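What follows is a single structure, written as C-alpha cells, with notes after it.
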Amino acid sequence: MPMVQAPSLTLADANAGRFRCEQVLAAGLDAVRLKRLGICAGRELELIGRGDPMVVRIGESRIGLSRQLASLVTVEIQVP
Amino acid sequence: MLLVGNPNVGKTSLFNALAGMRAKTANYPGITVDLRKAALKVASVDNDPRCQASTQIELVDLPGLYSMEPASPEEEVAARCIRGELSDQLGDRPSAVVVVVDATNVARTLVLASEVLEQNLPTIVAVNLIDAADAAGTKIEFDDLRRQLGCPVIPVSARKGRGLAELREAIYTLTKPAESVLPIARQSCVAGCTGCPYAARYDWADGVVKSSVQQDPRKGVKLEWLDKLLTSKGFGLIALLSVMLAVFFLIFSLADIPMSAIEDGFGWIGGVVDDLLPTEPLSAALWFPIATGISLAVFAGAYWLNGTRWTRVSTLIAVVVSVLVGCLPLDDFRSLAIDGVVGGIAGVVVFLPQICILFFFITLLEDSGYMARGAFVMERIMRRVGLPGKAFVPMLSAHACAIPGIMAARTIETWRDRLVTILVLPLLTCSARLPVYVMVAALLFGDSPWKASVMFAAAYILGLVAALGTAFVLKKTVIPGEAAPLVLELPRYRLPSLRNAWFTTLDRATVFLRQAGTTILLISVVLWASATYPKLPTDVSYPTEREHAQAALANSFAGKAGRLVEPIFAPLGFDWKIDVGIITSFAAREVLVSTLSIVYGLGEDGSEEPLGLVETLRRQTRPDGSLVFSTATGLSLLVFFVLAMQCLPTQVVTKRETGSWKWAVFQFIYMTALAYLTALIVYQSLAAAGYA
Ligand SMILES: Nc1nc2c(ncn2[C@@H]2O[C@H](COP(=O)(O)OP(=O)(O)OP(=O)(O)O)[C@@H](O)[C@H]2O)c(=O)[nH]1
Ligand SMILES: [Mg+2]
C-alpha cells in the first residue's frame, strides 16, 4: 500500500491559532529574513491576524508577513 | 568599541545618552543607516581616587541587525564591522562590543548576542528599555543572565538615563589594557539541531530566558485589540487615511498664524531697511565704506551659517562682491537690499512653520510605533505597483522634503525596491512646492477658499498618482521584478518622546534656514543682478515710468535668457518672465516665487503704492492685452511644478544613494519630460475650451 502523505498545511492557508513550524521552504535571502526573526523549524508561533500581509507572533515579537512568504512555511497545529 | 543589536532596541538612544549626542531615533526598525562615531570618556566610578583613571574610547553606533547573516546593505556593513573587515573605516578589529538587548523581548534579541559572543571579542550585554520592562511587569535575574552568558550584563534605560554609569564603568573595565576577558566559545549547533542554526540559537535563548526572566501576567498594558484594529484590512486603511488627513489638516490650520507673522515680520524689516537708507546720495567717501561693510557683514553671516571657511578663494569672492556693492548707486543698493535680499529670503522662510509641523508629527508617529503598522497596511496596495509596503515611510517624509525621504529609503532591504522608491520619491509634493501652489491658488481662486483647497488636494493627489504610476511603469520596463515580500517587525507601541520630536524638528528647521540663508540668498542676489544689468542706455526716453522698467528688464541678462527659451515654453502658456522663473527654479523650486516677485516687481517700479505679489501678477498682460495668468496658464504652471525635477540637492542625494549619476540623470529626464508633456496637455486642452 502506497504511503499517502497528507498535504502539509502552510501558514498561508492556516486559520488563526498556535502552530509549530515544520519547515521553511524559502530559499536565499527570503529564508534568512524569515529564520533570523524566529520563523524556523521547530519553533512555535501564533497566527494572530489572517490576510495578506498577516500578523504572526513569535515569543514576544510581532511580525508582519506577506502571504507569499507564509506559503513557504509549513506548520502543524499545536494543541494547547 | 561597537554598539551592536537588533533594529529598534535603542542603540542610537543609548549612544546619544552615553556620548551626549542627538542622532535620530525612532520606534521603527532600521532608522540608523550610517556608522556614527563619538569619543566617549569613560572612567571607573570606584571610590578609590587612584582608580579614577579615564580614557577616551571611540564609540560607534551601528545600524541594527538581526543576525550576522546580513540581508540588506546596512546590515552587511554592521556585520563586517563586527568581524573587523572594515579596517579602512574603523581601524582593526573592534576592541570591544556592547550588545544591546531589549528587556521587553529578551529571547529574540539574545539570539544576535549569542552570535556576537562567538566572535570572541570582549563583550558587554546592555539590557535596554528596562523601564518599559518594569512597567510591563517583567523581572530579569541579572546574576543568572551573567552566569549563562559569561559576560557582564548591565540593565540600562537610555531614555531614563538609568544604569549609564555602570555601563561606562563596565566599558572601562573591559577596555582597560592588560586584562583580557575570557570570552566563551559556544557550539552553534546543539543536540537536536535540524540543520537550521537559528533554531538552535533560539532554543538556547529561550532556555536562558526561562531561568532568568519572570513575567507578571497581570501587569503591563495590553494593546493587542488596538493592533488588531490598526492592521485589519478595512479599518486599518481607514485609520491610516484619517491619520494622514489629520496631520495635513493640522499643518494647514496651525501654520497659518506663524506664516502671516513671518510675512509681516519681513515686510517690517523691508520697511526698516528702506527708512534706514538715506534718501539723498551721500558723498562717495562716506557711502563706499558703509555699503562695503554691510555687504561684508552679510557674507560673514552666510559663511558662518553654511560653515564655509575663509579660504583665499572665499575671501576673495566676499571682498570683490562687497567692493562692487560699495560702488552701486544708492537706488540700486536699495533695490538690492529690499527686492533681492529681504524679498528673496522672505519668500522661502514663510514655509518654515509648515515644514516644522510636518516633521514634528512624523516624528511623533514614528516614535509611537504606528509607522510600522502604516507600512503593513500599505503593503497590500503598494505591491500592485511594484513598491514594497516599507516605501510608505519614505513617501510620507518626502511630503516634507525629498531628501530625508530618500535617506529613509535605506530602511528598505532590497536594492531593486530601494531604487524604485528613490526614483519616484521626488514626485511627491514636498514643502518647497507649497509656495508655488499657494501662489497659483491665490491667483486663480483667491475669492473661493473652497476651490483653492480642492486645487491643493488635486495637486497632492497628482503627485501621488504620478509616483505610483511611474513605479508601475518602471516595474514593467526599466526595473523589472516584484517588490520583495514583506517581513517586518511590528514594534511595541511606546509613548512618543516629545523631547525627541522637538529636537528632530529643530534640526530640520536649522537645515532649512541654513539653506535659505546661503543658497537661496545667493540665487536671489545673482538673480537680482541679472535682472537689473546691463542697464538701458540713458539717451532713449520712454513715455511712462512703467514702460521704461519693462524695457529695462527685457534688456537685462535674465530677460534675454527668458526670451531665448520662450519658444520652448510658449506651448505651455508661459511668457518669458515666467520662463526666467522656470530657469532659476531648476536649482530650487521655491525660488520661483521670489523670482517672479523680483522680475515682476522690478517691472512695476514706479507704481504709486506697492502691491502684493499676487495682485501684481494678476494685473500682468501680454502684448495683445490678454491676461498673462489665465486659468489655463496658472494650472499648466501648477502641473509643471508638481511633476518637474527642480532640486539640485535632491539630485546630489540620489546620486549618492544609488552610487552613480546615471540614476540621477534618469530621474531628471523622466520627471522633466513628464512635467512638460502633462503641462502641455493641460494648457492646450484648457485653451481649446476657452480658458486662456
Ligand atoms: N521607554 C524606553 N524607550 C526607549 C529606551 N531606549 C530607546 N527607547 C525608544 O526606542 C525606540 C528605538 O530607539 P533607537 O535608539 O532608534 O533604536 P536603534 O536600536 O538605534 O534602532 P535602529 O537604528 O533602527 O537599528 C525609540 O522610540 C526610543 O525612544 C528606553 O530605555 N526606554
Ligand atoms: Mg539606531
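None of the figures in this text is laboratory data; all of them are computed from the coordinates on show. Since this is a predicted model, take the numbers as computed values, not measurements. In this analysis, Cβ positions are derived from the backbone assuming ideal geometry, glycine residues included, and neighbour counts consider all displayed protein chains.
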Distant-in-sequence amide H partners of residue A:23 (H built 1.01 Å from N, under 5 Å): A:74
Set of lysines near residue B:219 by C-alpha distance (under 19 Å), chain-local residues within fewer than 8 positions excluded: B:139, B:210
Euclidean distance between Cα centres, the stretch B:458-476 to the stretch B:525-583, Å: 36
Helical mean residue ellipticity (222 nm; -39500 (n - 2.57) per DSSP H run of 4+; nearest 500) of chain B: -19000 deg cm²/dmol
For residue B:140, distant residues with modelled amide H under 5 Å away: B:214
Listed residue pairs exceeding 27 Å between alpha carbons, taken from B:11/B:655; B:390/B:655; B:535/B:577; B:475/B:577; B:24/B:662: B:11/B:655; B:475/B:577; B:24/B:662
Fraction of alpha-carbon pairs over 22 Å apart in chain A - percent: 17
Semi-axes of the equivalent ellipsoid for the protein assembly as shown, Cα gyration tensor, largest first, Å: 57, 33, 21
Whole-Hz ³J(HN,Hα) from phi, Karplus 6.51 cos²θ - 1.76 cosθ + 1.60, for the stretch A:9-21, glycine and proline x: 7, 9, 4, 5, 9, 6, 8, 4, x, 9, 9, 10, 6
Estimated FRET transfer efficiency (residue B:320, residue B:661; beta-carbon r; R0 30 Å; 0.05): 0.40
Average beta carbon contacts from partner chains per residue of B:484-497, 10 Å cutoff: 5
Residue B:689 paired with residue B:219, simple spin-label distance in nm, labels 7 Å along Cα-to-beta-carbon: 6.5
Shielding by other protein chains, B:110-116, mean Cβ within 10 Å: 1
Derived scalar couplings ³J(HN,Hα) [the stretch B:468-484; Karplus, 6.51 cos²θ - 1.76 cosθ + 1.60; whole Hz; x for Gly, Pro]: 5, x, 5, 4, 5, 4, 4, 4, 7, 10, 6, 10, x, x, 9, 5, 4
³J(HN,Hα) computed for each position of the stretch B:303-317 - Karplus, 6.51 cos²θ - 1.76 cosθ + 1.60, integer Hz, glycine/proline x: 4, 5, 4, 7, x, 6, 8, 7, 7, 4, 5, 5, 5, 4, 4
Shielding score for A:37-49, defined as the mean number of other chain Cβ atoms within 10 Å: 5
By average C-beta atoms within 10 angstrom, highest first, the peptides B:58-71, B:25-38, B:650-663, B:247-260: B:58-71, B:25-38, B:650-663, B:247-260
Cα shape, the stretch B:419-505, gyration tensor, a/c 1.5 rule: oblate
